[in-house]
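*Asks:* Take this structure first; my questions come after.
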Amino acid sequence: MPICKVDGVEVEFEAGMNVLQVAELAGKEIPRFCYHERLSIAGNCRMCLVEVKPGPPKPQASCALPAAENMEIFTDTPMVKKARHGVMEFLLINHPLDCPICDQGGECDLQDQAMGYGRDDSRYMENKRAVEEKFMGPVIKTVMTRCIQCTRCVRFITEVAGVPEIGLISRGEDVEITTYLDKAVTSELSGNAVDLCPVGALTHKPWAFNYRPWELKKTESIDVHDALGSAIRVDSRGPAVLRVLPRVNEDVNEEWISDKTRYAVDGLSRQRLDQPFIREAGKLRPASWNEVLDVVAARLKATKPDRIGVIAGDLQDAESMKAALDLFGGMGVTSLDCRQDGMVLGQGPRASWLFNSTIAGIEDADVVLLVGTNPRLEAPLVNTRLRKRWLAGALRIGVIGEQADLTYPYDYLGAGAQTLTGLSRQKGDFVQALKAAKAPAIIVGAGALTRADGAAVLKAAAGVAKAFGATWNVLHTAAARVGGLDLGFTPRAGGKTAVELTKKGGADLLFLMGADEIDLSATKAFVIYMGTHGDRGAHRADVILPGAAYTEKNGIYVNTEGRVQLGQRAVFPKGEAREDWAILRALSDRLGARLPYDTLDDLRRKLFADHPTFGRIDYVDGPSASLDLGALGAAGELADTPFASPVTSFYLTNPIARASVTMAECAALASGAAKIAAE
């Protein structure tokens, strides 16, 4: 490895690194505004100036200068310090004194660097430049007079999000960053541009003027709005969650999160179920916990086990599903299901329902076939991984399903399951590339596996993967799905699936655990709903047991790649709501079948003992060579119906998002129901 000196200390570095990266290897902190590790190099803020030998006797931008063998780098010479002070003085010529009212105050890179390199007075008497505000949609608030033209937002939206809707106009002093034709930014990742802004030019519109960062309690947790399990930080004040920010996790979300993950938090305080209810004479009335538990217990005792159905929703934690399995399984109930959408997976080896390439590992693939999935809507950060690999010029993508803007080009092979049959015998360019691929992968989505012919589609897709030697990947859309399948939260012998339970005559009693994405219009069953929001399940319920949202409880979730993750409680449940497992534990007392755990730790010990997979926190198996693809699915006739993603509106996929005002605005914008240009 090449060696250079940083302030007299020798440092080994990898070929291709720039001077700024080498200096950081040596432990030197280099100030910067435009440079970001995950974006292309712009070199336009000039704050990262250093002195280099051999070279001209002048300060040079370290982010844009390649490091070389035997180079000497100086980061704290008088020349460097004077240059950085000069750059800071120029940056502050036009920057307004907005710190007392700016939402970036306390978290502002410019504020921090001005402490080290700023002056305590100004030598400029001219009027400051003013810039007209821009309209960037319902989540990005702009105060463009503060902008220092670092172009981080431009590069992120163009390179990572793949939606080039922000750019620079004009020249010199008149240069401005704006959206094209004053339209809103339509990316599902637009909030990350605010995180990247080193000043207060872009701030979070839904949270404007609501808090100061030093007032907030910070809790590291996991997102549940999709099956990715993005690392997040939940910031709360008192009983309210005020914001969600990303944490760095290179294996899952890098340092990005989707706008739904970030901005749906206002839904946590709206339309909440904060006390128990019982339906009488067609209307719900408030009740006490003792009363509702007695009613539920009496109903369960009076109903035959084979006429009881338990359906777990998409946001359930593993502990609550384990408690439900222990309670209802002990009663002889065989109709338990965590698959609201009717997905056929759940039998066979664990690898059959996992994203075996792993999320980070998909960047090693050279050819990827997408079957019945739209990753941009179902898992935006998996989509950014695919785009990242494509940008590197090392990935070819084929799609069987709906044609959509995935932010990168792809080979469109067909709309439905019929395309899968005989694919290996075709002679198209993509098929030839798939045959020649060194690391091919297939990603199958819920749009392919939740149909009436799902078992046949599964067999056909697995056959394609086997024929081409592709790694088998299933992209789930529900945070609770893999955990439920790992637990075996599927029908026992003689039991009914979730779809069968909700048909006319399917069950006499339905116990819904946050199940809101299932049609209950046909069933006449007595419905007990345990959940957090007054959504579809609660509207149909005869008894409501208020539960805790993901920010209000400690819980275990398993993401689509099989990674076991811990969610942490940031605030306490609303009103009289309780954690789901605790409700089931209290119900077990009324039923005379007391569950053998009184605390969450006791429950987890039993969970780990019965299902050791859950004890391997933050671990993934990776590709499984032992997976028998030929055994997946079942023979059957394939329908001509095109594949369709289950996510029709990205911003309204669960009760929390549907209760969010911000998500409603985003959904209206995405559907075209709202005007998208500033007026």
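*Asks:* Run through the stretch 464-497 and list the trypsin sites (Lys or Arg not before Pro) located in a DSSP loop whose Cβ has at most 14 other Cβ atoms within 10 Å. Intermediate results must be reported in sequence, preceding the final value.
*Replies:* On the way: sites: Lys466, Arg481, Arg492, Lys496; in loops: Arg492, Lys496.
Counting only loop positions with at most 14 other Cβ atoms within 10 Å, the trypsin sites (Lys or Arg not before Pro) in the stretch 464-497 are Arg492.
*Asks:* May I ask you to derive the FRET efficiency for Arg616 and Arg270 from their Cβ-Cβ distance with R0 = 35 Å, giving the value to the nearest 0.05? It would help to have the intermediate numbers written out before the result.
*Replies:* Working: r = 37 Å, r/R0 = 1.05.
That gives a FRET efficiency of 0.45.
*Asks:* Can you find, among Val131, Ser335, Ala323, the residue farthest towards the positive end of the dipole of the chain? Put +1 on the C-beta of Lys and Arg, -1 on that of Asp and Glu.
*Replies:* Ser335
*Asks:* Let me ask something additional. Add -39500 (n - 2.57) for each DSSP H run of 4 or more in the chain, then divide by its residues: what number comes out at 222 nm, to the nearest 500 deg cm²/dmol? Show your work: numbers first, answer last.
*Replies:* Values: 20 runs with 168 residues, N = 679.
After summing the helix terms and dividing by residue count, I get -7000 deg cm²/dmol.
*Asks:* OK, next. So which aspartates and glutamates pass the test for Lys322, namely a Cα distance under 16 Å, with those fewer than 8 places away in the same chain ruled out?
*Replies:* Asp314, Asp337, Asp486, Glu579, Asp580, Asp598, Asp601, Asp602, Asp610
*Asks:* Under a Cβ-only charge scheme (Lys and Arg +1, Asp and Glu -1), can you give me the dipole magnitude of the stretch 35-105 about the Cα centre, in debye to the nearest 20?
*Replies:* Values: 7 positive and 8 negative charges, 45 e Å.
With Lys and Arg at +1 and Asp and Glu at -1, about 220 debye.
*Asks:* Which listed residue (Ala302, Ile222, Leu273) has the Cα farthest towards the positive end of the charge dipole for the stretch 211-312, taking +1 on Lys and Arg C-beta and -1 on Asp and Glu C-beta about the Cα centre?
*Replies:* Positive-most Cα among the choices belongs to Ala302.
*Asks:* Another question about this same structure. Out of Tyr410, Val194, Gly547, whose Cα points farthest toward the positive end of the dipole of the chain (charges: +1 Lys, Arg; -1 Asp, Glu; placed on Cβ)?
*Replies:* Gly547
*Asks:* On the principal axes of its Cα set, how long, how wide and how thick is the chain? Give whole Å, largest value first.
*Replies:* If we take the Cα atoms of the chain, the spans are 87, 62, 51 Å.
*Asks:* Using the crude model of +1 on Lys and Arg Cβ and -1 on Asp and Glu Cβ, and no other charge, please compute the dipole size for the chain relative to its Cα centre, in debye to 20. Before the final figure, lay out each step's value.
*Replies:* On the way: 78 positive and 86 negative charges, 237 e Å.
Its charge dipole is roughly 1140 debye.
*Asks:* Here is a follow-up. If you fit an axis through the alpha-carbon atoms of helix 380-391 and take the longest principal axis of the Cα set of the chain, what angle between them do you get, 0 to 90°, nearest 10?
*Replies:* 50
*Asks:* Is the stretch 457-569 best put as rounded, prolate or oblate by its Cα gyration tensor, with a ≥ b ≥ c the root eigenvalues, rounded for a/c under 1.5, and otherwise prolate when a/b is larger than b/c, oblate when not? Before the final figure, lay out each step's value.
*Replies:* On the way: a/c = 2.64, a/b = 1.36, b/c = 1.94.
Oblate is the answer for the stretch 457-569, as a/c is 1.5 or above yet b/c matches or exceeds a/b.
*Asks:* Could you work out how far helix 580-590 tilts from the main Cα principal axis of the chain, as a 0 to 90 degree angle to the nearest 10?
*Replies:* With both axes taken from Cα atoms, the answer is about 20 degrees.
*Asks:* Take the chain, mark every one of the chymotrypsin sites (Phe, Trp or Tyr not before Pro) that falls in a DSSP loop and has at most 12 other Cβ within 10 Å, then report the longest stretch left between them, sites excluded.
*Replies:* Working: sites that count: Tyr124, Phe209, Tyr619.
Longest gap between qualifying sites, sites excluded: 210-618.
*Asks:* Further question: Measuring from centroid to centroid over Cα atoms, what is the spacing of the stretch 80-96 and the stretch 417-459 in Å?
*Replies:* The stretch 80-96 and the stretch 417-459 have Cα centres spaced 57 Å from each other.
*Asks:* Let a ≥ b ≥ c be the square roots of the eigenvalues of the Cα gyration tensor of the stretch 264-344; is it rounded (a/c under 1.5), or, if not, prolate (a/b larger than b/c) or oblate? Spell out each step's value before the answer.
*Replies:* Values: a/c = 1.91, a/b = 1.10, b/c = 1.74.
Taking the square roots of the gyration eigenvalues as a ≥ b ≥ c, the stretch 264-344 is oblate.
*Asks:* Can you tell me the relative contact order of the stretch 430-537? Whole percent, Cα pairs under 8 Å, sequence separation 6 or more. Mind dumping the intermediate values first?
*Replies:* Details: 103 pairs, mean separation 19.7, N = 108.
Reported as a whole number, the value is 18 percent.
*Asks:* Please compute the Kirkwood hydrodynamic radius over the stretch 396-534, one decimal place, Å, based on all pairs of different Cα atoms.
*Replies:* That comes to 17.9 Å for the stretch 396-534.
*Asks:* Quick one: what are the phi-derived ³J(HN,Hα) couplings along the stretch 409-425, Karplus 6.51/-1.76/1.60 with θ = phi - 60°, whole Hz, x for glycine and proline?
*Replies:* x, 8, 8, 8, 9, x, 9, x, 5, 4, 5, 5, 6, x, 4, 5, 8
*Asks:* Distance cut-off 27 Å, Cα to Cα: go down the list Lys183/Lys574; Lys304/Lys503; Lys5/Lys82; Lys553/Lys606; Lys283/Lys524; Lys183/Lys205 and report the pairs above it.
*Replies:* Working: Lys183/Lys574 38 Å; Lys304/Lys503 18 Å; Lys5/Lys82 22 Å; Lys553/Lys606 18 Å; Lys283/Lys524 16 Å; Lys183/Lys205 16 Å.
Violating the 27 Å limit, Cα to Cα: Lys183/Lys574.
*Asks:* What whole-number value in Å² describes the accessible area per residue of the stretch 107-248 for a 1.4 Å probe? Before the final figure, lay out the partial values.
*Replies:* Numbers: 6160 Å² over 142 residues.
Value for the stretch 107-248: 43 Å² per residue.
*Asks:* Using protein chains only and a probe of 1.4 angstrom, how many square angstrom of Glu10 are accessible, to the nearest 10?
*Replies:* 130
*Asks:* Size of the dipole of the stretch 399-531 about the Cα centre, Lys and Arg at +1 and Asp and Glu at -1 on the beta carbon, nothing else charged, in debye to 20? If you can, show how the numbers build up before the last one.
*Replies:* Working: 13 positive and 11 negative charges, 115 e Å.
Value, rounded to 20: 560 debye.
*Asks:* What per residue convex hull volume, in Å³, comes out for the stretch 1-125 when only alpha-carbon positions are used?
*Replies:* Details: hull volume 15.2 nm³, N = 125.
Spread over its residues, the Cα hull of the stretch 1-125 gives 121 Å³ apiece.
*Asks:* May I ask for the distance between the Cα centers of the stretch 122-168 and the stretch 364-399, given as a whole number of Å?
*Replies:* If you average the Cα positions of each part, the centres end up 29 Å apart.
*Asks:* Suppose all protein chains stay in the model; what accessible area per residue would a 1.4 Å probe give for the stretch 517-558, in Å²? Before the final figure, lay out each step's value.
*Replies:* Working: 1060 Å² over 42 residues.
Roughly 25 Å² per residue, with all protein chains present.
*Asks:* Using the Cβ atoms and a cut-off under 14 Å, what net charge is assigned to the surroundings of Gly27, where Lys and Arg are +1 and Asp and Glu are -1?
*Replies:* My count for the surroundings of Gly27 gives -4.
*Asks:* Find how many whole Å separate the alpha carbon centroid of the stretch 514-548 from the alpha carbon centroid of the stretch 334-358.
*Replies:* 23
*Asks:* Could you report the stretch 1-95's accessible area per residue, 1.4 Å probe, as an integer in Å²?
*Replies:* Values: 4680 Å² over 95 residues.
With the other protein chains kept in place, the stretch 1-95 gives 49 Å² per residue.
The values are calculated or read from the model by the stated rules, or taken from the named source; none is laboratory data. Just so it is clear, the model here is predicted, and its values are computed rather than measured. Methodologically, a virtual Cβ is constructed for each residue, glycine included, from the backbone with ideal geometry; neighbour enumeration extends over all protein chains shown. In case anyone asks, the SASA skips ligands and DNA or RNA and just uses the protein heavy atoms, side chains included. Shrake-Rupley method; radii C 1.70, N 1.55, O 1.52, S 1.80 Å.
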